Structure formats: structure tokens, C-alpha cells
Amino acid sequence: MKNDKRIKILEMITADMKNDAAKFDGRPFNGKTVAEYFGNQGAAIASLANIVKSILEQKEVENEG
């Protein structure tokens, strides 16, 4: 796992979520900011789901071989 790009992606998601929290802090709670925030959250969740899927697929291949 020395060069696993999934780790890099997880680090990027972490940084993005931290930046989003700071970016949205104190902004008005309206349709525009909520939609933008939910869009960011959805993208992060999709990325995490893809990483979990790749881990499960890798384990499946390892168990077959």
C-alpha cells in the first residue's frame, strides 16, 4: 500500500471538507449556500463510496486467489 492513490484521495477529501467548513461558516442559510454545501457533501460521499468499493473488490480478488 506504499503508493495507494486511495490514500491521497482520502487526504484530499479531508482537506476539502475542512476548507468547506471554514468557507461556509457564518454565511447566510439560504437556498444557494445550502445547495452548494450539499453538492460538496455529495461529491465527498461519492468519492468515499468509490474508495470503499475498490477496497471490497480488491479483497474479493485476494480471497479468490
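The values are calculated or read from the model by the stated rules, or taken from the named source; none is laboratory data. For clarity, every value in this text was computed on a predicted model and none was experimentally measured. All Cβ positions, even for glycine, are placed from backbone atoms using ideal geometry, and neighbour counts span all protein chains on display.
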So which of 22, 44, 35, 49 is among the small types (Gly, Ala, Ser) and touching an Asp or Glu at 6+ places or on another chain (Cβ under 7 Å)?
-> 44
Taking the stretch 22-37 on its own, how many of its residues are surrounded by 11 or more Cβ atoms within 10 Å (Cβ to Cβ) and either assigned to a helix (DSSP H, G or I) or among the hydrophobic types (A, V, I, L, M, F, W, C) (or both)?
-> 6
Give me a count of the residues in the stretch 9-18 that are of a type outside the set (A, V, I, L, M, F, W, C) and within 11 Å of residue 40 (Cα to Cα).
-> 1
Those residues of the stretch 27-53 which are under 13 Å from residue 9 (Cα atoms) and either aliphatic (A, V, I, L, M) or at pLDDT below 95 (or both) amount to 43, 44, 45, 46, 48, 49, 51, 52
